[in-house]
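The values are calculated or read from the model by the stated rules, or taken from the named source; none is laboratory data. Keep in mind the model is a prediction, meaning the values are calculated, not measured. Cβ coordinates were reconstructed from backbone atoms using ideal geometry, including for glycine residues, and neighbour counts include every protein chain displayed. These accessible areas exclude ligands, DNA and RNA; they are computed on the full protein's heavy atoms, side chains included. Shrake-Rupley method; radii C 1.70, N 1.55, O 1.52, S 1.80 Å.
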Amino acid sequence: MAHDFLIKDIAFQAGLSQATVDRVVNNRGGVRRQTRLRVEAALQELRQQEKVDPLAGRRYVLDVVMEAPDRFTNAVRQAFESEAAAFLPSLFKSRFHLSEQMRQTDIIKLLERIRTRGSHGVVLKAPDTPDVCEAVDRLEEAGIPVVTLVTDISDSRRSAYVGVDNRSAGETAAYLIGEKLAGGRVLVTLSSNRFRGEEERVIGFRRLLAARYPHIRITEVSEGYGRDVNTGTLAGEALEKEADFNAVYSSGGANRAVLAAFSAQNRTCACFVAHDLDDDNLALLREGRLHYVLHHDLRGDAISVYRAILNAHHARANLQKPRLSALEIITPYNIPALA
């Protein structure tokens, strides 16, 4: 396996022992396929980081742990890699631990492994459960700051939260739908009700509809994990049970599959509100099939994460502390030029 990096650097990036990495790069036997893939991913990350490391400086290695659909984690990875150069001569490098679905036990084991091995910080998108909260507290006690991203674990001792005010985002979605429709039923989709961020969105959505638009009803579906097949099946089952669906608030993604469920039953979606300018949503906006996307700049989030890590390490005391991300309402007519 060709590379130009020290074994110890590859091992640190991959979160593996130097002996294991040595076996992989020298094509020795006794190595699992998953381990080889981790080493290959680490090499790819190191090559990418080399492009934004023209100056020497203090190096911070972060562990980014996320349970989210690939379309979202890919966007996060690009944002973190593109904004790392903004903090030169401090060098930020990230080890990515990404999965569309993770068991809680696996998340805990991963966070414990990071704590034992060492890290300059953890960026975390994970369910808000007591066990995850305790794992976050153990990281903080070990001197490893944790920054939660887009969904919070607010009862933990995490150093900072970076993302939007999710309850306000849900209220914004309710306003957009309520002002457009005279009645009917909204299909509300969540990737999973284990995430505080999505729960907060739906709380805000329900609250404002009840207060200002009581003529509009709601049906929720969840545990599709943002996957097209799972979410599409859940949406189709919901549509079969009720005849008055005419809007969607998608908190958890897989929007093309939800639209396909409407089409399969010859139903019309008069107002569709989604989150995030990922590739799927951009295409659907340009096709005119999404009416609104609630968007916040992930590159700005990456900068806020780096600031929070530096603040936690007292590296730059004068850095502005993270603030809630600004929420933008994107329509087919104001898609950002860089999207």
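Helix 104-117 and the longest principal axis of the Cα set of the chain meet at an angle near 30°. Bridgeable aspartates and glutamates around Lys180 (alpha carbons under 17 Å apart, same-chain partners fewer than 8 residues away excluded): Glu171, Asp244.
Surface composition of the chain: carbon plus sulfur atoms contribute 47% of the solvent-accessible area (1.4 Å probe, protein chains only, all chains present). What number comes out for accessible area per residue over the stretch 222-339 if the probe is 1.4 Å? Units Å², please. On a per-residue basis, 47 Å².
Estimated from helices alone, the mean residue ellipticity of the chain at 222 nm is -14500 deg cm²/dmol (sum of -39500 (n - 2.57) over DSSP H runs with n ≥ 4, per residue).
Between helix 70-83 and the chain, what is the angle of the helix's C-alpha long axis to the longest principal axis, kept within 0 to 90° and rounded to the nearest 10? With both axes taken from Cα atoms, the answer is about 50 degrees.
Accessible area per residue for the stretch 88-160, computed on protein heavy atoms with a 1.4 Å probe, is 39 Å². Measuring against 29 Å, Cα to Cα, the residue pairs Lys125/Lys241; Lys8/Lys109; Lys109/Lys241 contain Lys125/Lys241; Lys109/Lys241 as the ones spanning a longer distance. In the chain, the longest principal axis of the Cα atoms and the axis of helix 298-312 are about 50 degrees apart. Amide H to amide H, with H built 1.01 Å from N, Ser94 comes under 5 Å of Leu62, counting only residues 5 or more places away or on other chains.
Matching the structure-derived percent of Cα pairs over 40 Å apart against the labelled list [x] 17; [y] 5; [z] 13 gives the label [x]. Length available on full extension from Leu324 to Arg71: 0.36 nm per residue minus the Cα-Cα distance, which gives 88.8 nm. Look at the alpha carbon pairs under 8 Å that are at least 6 residues apart: their mean separation over the length of the chain gives a relative contact order of 14 percent. Distance between the 7 Å Cα→Cβ label points at Ser263 and Ala41: 3.2 nm.
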